[in-house]
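Undergrad: Pasting a structure below so you can have a look.
Read the figures in this text as sums done on the coordinates, not as results from a lab. Values in this document were obtained by computation on a predicted structure and should not be read as measured data. Note: ideal-geometry Cβ built from the backbone for every residue, glycine included; neighbour counts use all protein chains shown.
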Amino acid sequence: MGEGPQGPGRPTTDAAAADAEQEETIAEIDERRTIALVVGVAATVAFVVLRTVVALGDHQPLPMDVWWNGVMESTASDAGLFLAWIPAIVGGTVGMIVIGILLVGLFLWRRRPWDAITLASAIVLVVAIGAPMAAVIARLRPQDSLAEQVPTSFPSGHTAVATTVAVTLGLLLRRWYVWAAGVIWVIYMMWCRTYLHAHWLSDVIAGLLEGIAVATLVWVAVEALRDRRAVRSTSTREA
């Protein structure tokens, strides 16, 4: 007797639960995009401020740069140099091209083309922005640099690319251990570039801000494009 009234009601209940779950998911996605957008804009503004401060100082090292360079010099050791060269080589031009191709290929293999597009776009854009900017600014590296000597110190390209990859993977994979590994890698990269005296502290901070800005804004843009394509596809099917 009790099954009669419940039978017709189940589809309605299930549909309502599904709608509520979908609305909750959409709200969560919108919240993540809003946060990413705010962080991206804030990082951009912070980068511009730091760039202005460096320019006003005639591209000379800031007080914090001199202090940190001294700290790195006072803590130099053979073991430290060995550890510092690892991310310097892995995060170099060739290393990042190889890593980028492998990660993009992995996303494509896992049938996640939009994630592949996001990562590839972010890496290409951060390099396209940072490399010419560093050449135009032409800030001198520390005189005791153990790595590059070319006056393209600001911003740090190694740090910018490392940050871009770390933040993009964190946004795409949404796992705490991905974020944790990314933070460790970026800090490691920032330390190694200053330990080798290849950059001033303000250079790696600028690279950090550039990477955060590019990764978050590219992710937001691609997600918005992805939604638009999904809406168009749905509309076409309904028509």
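Undergrad: Given Cα pairs under 8 Å that are at least 6 residues apart, what percent is the relative contact order of region 105-159?
TA: Here the relative contact order equals 27 percent.
Undergrad: For every other residue with a beta carbon closer than 11 angstrom to the beta carbon of MET72, add +1 if it is Lys or Arg and -1 if Asp or Glu, then tell me the sum.
TA: -2
Undergrad: What order do you get for 66-79, 46-59 when each peptide is scored by the mean count of other beta carbon atoms within 10 Å, highest first?
TA: 46-59, 66-79
Undergrad: Ranked highest first by the average count of other Cβ atoms within 10 Å around their residues, in what order do 137-143, 101-107 fall?
TA: 137-143, 101-107
Undergrad: Taking a quarter of the surface of the convex hull around the Cα atoms of region 19-225, what do you get in nm²?
TA: The directionally averaged projection comes out at 12.3 nm².
Undergrad: Give the relative contact order (percent, whole number) for region 19-225; include only Cα pairs under 8 Å separated by 6+ residues.
TA: Result for region 19-225 is 32 percent.
Undergrad: Still on this structure, I have one more. I need the phi-derived Karplus couplings for region 213-229: 6.51 cos²θ - 1.76 cosθ + 1.60, θ = phi - 60°, integer Hz, Gly and Pro marked x.
TA: Each residue of region 213-229 in turn: 4, 5, 4, 5, 6, 5, 4, 4, 5, 5, 5, 5, 5, 4, 5, 5, 5 Hz.
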